[in-house]
Amino acid sequence: MLRIRTSRPALAAVALSVSLTACSAQAASGPSKTAGAPASAAAPAKVRVVDPAAGRPVTVTASGGTLAEVKVVDADGGALAGRTSTGGASWISDRKAAPGTTYTVRVTSRAGDGKESTTTSSFSTPEAEKVNKLTLAPGKNTTVGVGHPLSIVFDLPVTKKADVEKQLKVTTSNATEGSWGWVKDYSGRDRADWRPREYWKPGTKVTLEADLNGTDSGGGWFVRDYRTGFTIGASQIVKVDLDRQKLTLVKDGRAIRTIPVSGGTPGGDKRSWRGTAVLMAKEGTINMNSETVGLGDAYDKDVDYSMRLTWSGMYAHAAPWNAAYFGRANKSSGCIGMSDENATSFYASVKVGDPFEITGKDTKGTVAEGNGYGAWNLSWEQWKQKSALA
């Protein structure tokens with residue numbers, strides 16, 4: 001239940017609104033009027049805060065006068081900016097009221113005769129029953145490759161995707177064309193990615209302003225805003241040809257090295273994925289266990305220079321046990337393996353966000369949008385249709 005308090009005992013709060021009547025100013029002294037003529041003064045404007053509630057902009061109206069100034073401030077001193085309508089009869093905040101917050105509303109109104117008066121009231125919104133949070137990628141102030149989307153994974157379901165997307169503002173240093181798209185993350189959670197029409201241009205600076213405080217996602221309320229930013233590094237694209245068992249690193253449009261590799265074994269569950277995957281993380285030495293990806297007890301070993309390409313478990317990494325097959329045959333359990341020597345230098349050369357463009361006839365299929373960063377496997381028109389505002 002909203003709690004509404006006013007600084008004037010005569011004011012009454014009904015439902016979720018508060019109606020305020022300003023005190024009239026004292027009349028200035030002046031020449032006496034004709035004997036018996038009554039003194040005249042315009043009645044003060046009647047000010048009202050209309051049905052205040054979390055998830056709605058704060059609206060203030062004035063009847064019998066106009067609004068000269070409106071200030072809406074929370075307990076921490078944060079102000080809700082807003083705009084007065086033409087003619088001054090109403091004011092509406094740019095942002096929505098947040099849950100679990102007390103706001104003080106101070107209004108200066110002007111009566112018909114130009115006299116001003118000020119009223120103050122307050123209202124409180126109830127605490128949110130569920131609070132939604134999010135995880136952002138890439139990390140703040142990082143430098144990433146040209147294929148990395150701006151990605152947001154939400155803790156709770158987002159059923160009001162359009163309402164949330166309206167609060168997400170992306171700014172780039174070079175007016176990059178891009179679009180939000182909603183996908184189901186591999187974890188099963190809702191995710192929104194902002195992908196450029198084409199790979200990012202090197203040097204692009206990207207900023208996200210997520211003004212979500214006071215927004216209901218449908219699965220829970222946001223009770224804070226989010227900010228992040230990152231920079232795009234050099235153009236590096238990794239081209240993997242599974243049919244020829246080779247990997248080529250292309251930097252700034254020029255092939256700088258080619259490495260013999262061995263991909264996933266054809267004809268079964270050990271095949272590799274094709275399409276464009278994006279280097280998600282450089283994880284160093286990790287334990288890989290085939291049982292975690294549904295391949296029984298095929299392997300359980302520590303693997304060096306591990307570079308994650310999908311959530312489902314496809315990596316590029318050192319695979320010295322497959323040395324006889326590099327450049328000759330695909331004999332891995334789905335990953336892209338190479339020698340220790342090549343893995344050492346390749347690992348040092350690539351960075352998170354570099355796209356891996358994987359081709360091959362016998363694969364498991366195309367990397368899905370939510371299985372890592374597979375948005376590049378959709379055409380631009382297909383991707384734009386994934387926006388909740390399309």
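The values are calculated or read from the model by the stated rules, or taken from the named source; none is laboratory data. Bear in mind that the values here come from a model prediction, so they are computed numbers and not experimental data. Backbone-built Cβ (ideal geometry, glycine too); neighbour counts: all protein chains shown. When the accessible area is computed, the model is the full protein with side chains, heavy atoms only, and any ligands, DNA or RNA have been set aside. Shrake-Rupley method; radii C 1.70, N 1.55, O 1.52, S 1.80 Å.
Kindly indicate whether any position in region 240-249 is assigned to a strand (DSSP E or B), of a type in the set (A, V, I, L, M, F, W, C) and more than 22 Å from residue 360 (Cα to Cα). Checked against the condition, which is being assigned to a strand (DSSP E or B), of a type in the set (A, V, I, L, M, F, W, C) and more than 22 Å from residue 360 (Cα to Cα), region 240-249 yields no hits at all. The residues in region 163-191 that are assigned to a helix (DSSP H, G or I) and basic (Lys, Arg) can be counted, and the count is 0.
This table checks each residue for (1) out of contact with any strand residue (DSSP E or B) (no Cβ under 6 Å at 6 or more places or on another chain); (2) part of a strand (DSSP E or B); (3) under 22 Å from residue 244 (Cα atoms).
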residue	(1), (2), (3)
258	no, yes, yes
268	yes, no, yes
275	no, yes, yes
283	no, yes, no
287	no, yes, no
304	no, yes, no
307	no, yes, yes
313	yes, no, no
322	no, no, yes
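Could you tell me whether residue 368 is within 35 Å of the chain's Cα centre (by Cα) and either under 13 Å from residue 284 (Cα atoms) or buried (at least 21 other Cβ atoms within 10 Å of the Cβ) (or both)? When the stated conditions are applied, residue 368 does not pass them. Only one of the numbered conditions (1) in contact with a Ser or Thr (Cβ under 6 Å, 6 or more places away or on another chain); (2) open to solvent by 60 Å² or more (accessible area, probe 1.4 Å); (3) part of a strand (DSSP E or B) is violated by residue 317, and that is (2). Which residue pairs have Cβ atoms closer than 6 Å, lie 6 or more positions apart in sequence or on different chains, and pair a first residue in region 122-148 that is open to solvent by 20 Å² or more (accessible area, probe 1.4 Å) with a second residue that is among the β-branched types (Val, Ile, Thr) and outside any strand (DSSP E or B)? Hits for this filter: 131/223.
Residues in region 111-121 that are of a type outside the set (Lys, Arg) and open to solvent by 50 Å² or more (accessible area, probe 1.4 Å): 112, 113, 116, 118. Inside region 68-110, can you point out the residues that are open to solvent by 20 Å² or more (accessible area, probe 1.4 Å), closer than 28 Å to residue 217 by Cβ and of a type in the set (A, V, I, L, M, F, W, C)? Residues satisfying the conditions are 73, 75, 79, 80, 81, 92. Residues that are within 19 Å of residue 167 (Cβ to Cβ) number at least 2 in the following strands (runs of 3 or more DSSP E) confined to region 43-111: 57-63, 65-74, 82-84, 90-96. Which residue is most open to solvent (accessible area, probe 1.4 Å), if the candidates are limited to region 217-239 and must be in contact with a Lys or Arg (Cβ under 6 Å, 6 or more places away or on another chain), within 29 Å of residue 54 (Cβ to Cβ) and outside any loop (DSSP other than H, G, I, E, B)? Of everything passing the filter in region 217-239, 218 is most open to solvent (accessible area, probe 1.4 Å). Would you check if there is a residue in region 334-346 being touching a Gly at 6+ places or on another chain (Cβ under 8 Å), surrounded by 18 or more Cβ atoms within 10 Å (Cβ to Cβ), modelled with pLDDT under 95 and closer than 14 Å to residue 309 by Cβ? Yes, because at least one residue in region 334-346 is touching a Gly at 6+ places or on another chain (Cβ under 8 Å), surrounded by 18 or more Cβ atoms within 10 Å (Cβ to Cβ), modelled with pLDDT under 95 and closer than 14 Å to residue 309 by Cβ. Against the test of being at pLDDT below 95 and either under 25 Å from residue 153 (Cβ atoms) or surrounded by fewer than 15 Cβ atoms within 10 Å (Cβ to Cβ) (or both), the options 275, 253, 296, 284 yield a single qualifying residue, 296. Considering only residues in region 336-364 that are touching a Ser or Thr at 6+ places or on another chain (Cβ under 6 Å) and not charged (D, E, K, R), the one that is nearest to residue 138 (Cα to Cα) turns out to be 355.
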